[in-house]
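First up is the structure itself, then whatever we jot down about it.
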Amino acid sequence: MIRNIVFDMVGVLIDYDPEKTLSGLFDAPTAQLLLREIFRNPLWSEKDRGTVSPADILARKGALIPPEVYDQVAAMVENYYPYMPPFPEPEALVRTLKANGYGVYLLSNASMDFFERKAGIPALQWFDGCLISAEVRQIKPEPEIYQSFFARFSLRPETCFFIDDVQANIDGAARCGMPGYCHDHTRFDALLQALRCVGVTL
């Protein structure tokens with residue numbers, strides 16, 4: 001029986017669309033450069049693992065950033081949360097889940113500055129616990145991060161239901177015994193239906 005709902009953060013609780021954000025701030029060549037070299041670069045994932053800092057990214061990639069936008073881009077690398085607004089629907093869902101007796105948890109690939117910024121994500125005030133990748137230097141969909149999550153909160157995988165917007169992360173959770181659903185934030189009703197289908201009371 002499902003007793004705990006486990007949420008990813010980016011793409012589920014908050015938006016992350018660097019293509020849209022950068023194209024709205026910079027000319028097309030600059031936006032494509034920044035996407036390739038920073039915001040869709042493997043270095044960004046290593047920041048989430050906790051092995052690369054914003055300063056490291058700027059040290060490695062700073063020379064590629066056009067001087068006229070360097071300060072703006074550096075500020076984005078240091079703190080991208082202002083460009084990731086919360087989705088409106090999840091907070092009400094989380095409150096309903098809590099009212100119905102479910103445990104609610106976060107399992108997200110995120111860097112350590114999450115702890116400075118999480119107050120800006122309304123749904124998180126209702127969560128029972130959070131584990132982010134940079135804390136344990138493991139990253140989804142590696143099996144170790146799911147095991148770290150279960151161990152930290154003393155949860156059995158089969159009692160949890162995982163919501164993530166990346167299918168590979170859902171598959172990684174399933175290999176560790178935790179069922180889940182790949183969420184498309186434009187189809188929130190489909191998420192509610194998926195929860196009902198596994199017996200979650202809403």
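Listing for the model above:
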item: The lone exception for L155 - which of (1) more than 17 Å from the chain's Cα centre (by Cα); (2) assigned to a helix (DSSP H, G or I) it fails; result: (2)
item: Among the residues listed as A99, A28, the single one being surrounded by fewer than 20 Cβ atoms within 10 Å (Cβ to Cβ), closer than 30 Å to C197 by Cβ and of a type in the set (A, V, I, L, M, F, W, C); result: A99
item: Filter result for C182 (over 14 Å from I14 (Cβ atoms) and either of a type in the set (A, V, I, L, M) or in the same structural domain as G11 (by TED's automatic domain parsing) (or both)); result: yes
item: Matching residues, segment 25-75, being of a type in the set (D, E, K, R) and not in a loop (DSSP other than H, G, I, E, B); result: R36, E37, E46, K47, D48, R49, D56, R60, K61, E68, D71
item: Within segment 8-27, tally of residues that are in contact with a Leu (Cβ under 8 Å, 6 or more places away or on another chain) and within 15 Å of F114 (Cα to Cα); result: 3
item: Matching residues, segment 164-202, being within 15 Å of the chain's Cα centre (by Cα), more than 16 Å from I5 (Cα to Cα) and polar (S, T, N, Q); result: Q167
item: Qualifying position, being surrounded by fewer than 21 Cβ atoms within 10 Å (Cβ to Cβ), not in a loop (DSSP other than H, G, I, E, B) and not hydrophobic (A, V, I, L, M, F, W, C), among D189, D184; result: D189
item: Single residue of V6, V12 found to be in contact (Cβ under 8 Å) with a residue 40 or more places away in the chain, within 12 Å of the chain's Cα centre (by Cα) and not in a strand (DSSP E or B); result: V12
item: Unique residue being touching a residue at least 24 places away in the same chain (Cβ under 8 Å), in a strand (DSSP E or B) and in the same structural domain as L192 (by TED's automatic domain parsing) when the list is Y105, Y146; result: Y105
item: All positions within segment 17-52 that are at pLDDT below 95 and of a type in the set (G, A, S); result: S45, G50
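The values are calculated or read from the model by the stated rules, or taken from the named source; none is laboratory data. The shown structure was predicted, so the numbers you read here are calculated from the model rather than taken from an experiment. No Cβ is skipped: glycine too gets one built from the backbone with ideal geometry, and neighbour counts run over all protein chains shown.
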